[in-house]
Amino acid sequence: QKEVEQNSGPLSVPEGAIASLNCTYSDRGSQSFFWYRQYSGKSPELIMSIYSNGDKEDGRFTAQLNKASQYVSLLIRDSQPSDSATYLCAVHRRNTGNQFYFGTGTSLTVIP
Amino acid sequence: GAVVSQHPSWVICKSGTSVKIECRSLDFQATTMFWYRQFPKQSLMLMATSNEGSKATYEQGVEKDKFLINHASLTLSTLTVTSAHPEDSSFYICSARMGGTEAFFGQGTRLTVV
């Protein structure tokens, strides 16, 4: 079983719609959760972090964490063509030498 | 967010030569640095984790004698690809973190071995 699993997509949404990206993780000891965005040919950039159950909002982005279900999601409201990228979910576990585990990423295309 | 600078951004080298990639945390002290490799249209693959002043921990299948990692200070880690071959051509990315916070990525280095 992979540490972090994401639907690879591709996910296509029309401009202005809500894009929903999902991620599950295998270890209940995971403590910190992150969403990174990676444009083609570029390095990932951090867009959201979440540490406790519930929702965390930052502009058009909302991260949701449900530790009981081992589930993390990212919602992008009012999607823009510039949001087209691969979104990586990352999980941090302190009990494994401070390792970060990344999902394989979900490719998102926002259609104008 | 914190700034991680990676250099060079791209490099072309001849087969059999060695290439050094630097990763610097510019405005924070990085207790841990990670090195990743990413092939086209694939996800990040963790190669190794290094803590300042100690030997790097390599992931399974990554040759430590081929990919030399040095983390000599809290702001600098280097990855040296020794005796590079065309199959080593890839996008190499470092990331750095301090304490229990997020990891920040360098810009990446595109290595082409000819």
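The values are calculated or read from the model by the stated rules, or taken from the named source; none is laboratory data. Worth saying up front: this structure is predicted, and the values here are computed from it rather than measured. Accessible surface areas use protein heavy atoms only, side chains included; no ligands, DNA or RNA. Shrake-Rupley method; radii C 1.70, N 1.55, O 1.52, S 1.80 Å.
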With Kirkwood's inverse mean 1/r over C-alpha pairs for Rh, give me the Rg to Rh ratio of chain B, two decimals please. 0.95
Quick shape summary for the stretch A:1-104, equivalent ellipsoid via Cα gyration tensor, semi-axes whole Å in descending order, reads 23, 15, 12
Among the lysines, which fall within straight-line cross-link reach of B:LYS41, defined as a Cα-Cα distance under 23 Å, with same-chain neighbours fewer than 8 residues apart omitted? A:LYS2, A:LYS42
A student applying the Cα gyration tensor rule (rounded when a/c is under 1.5; otherwise prolate if a/b is larger than b/c, oblate if not) would label the stretch A:51-112 oblate
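Ranked from the most accessible area to the least, with a 1.4 Å probe and all protein chains present, what is the order of A:GLU3, B:GLU102? Spell out each step's value before the answer.
On the way: A:GLU3 60, B:GLU102 35 Å².
Largest to smallest exposure gives the sequence A:GLU3, B:GLU102.
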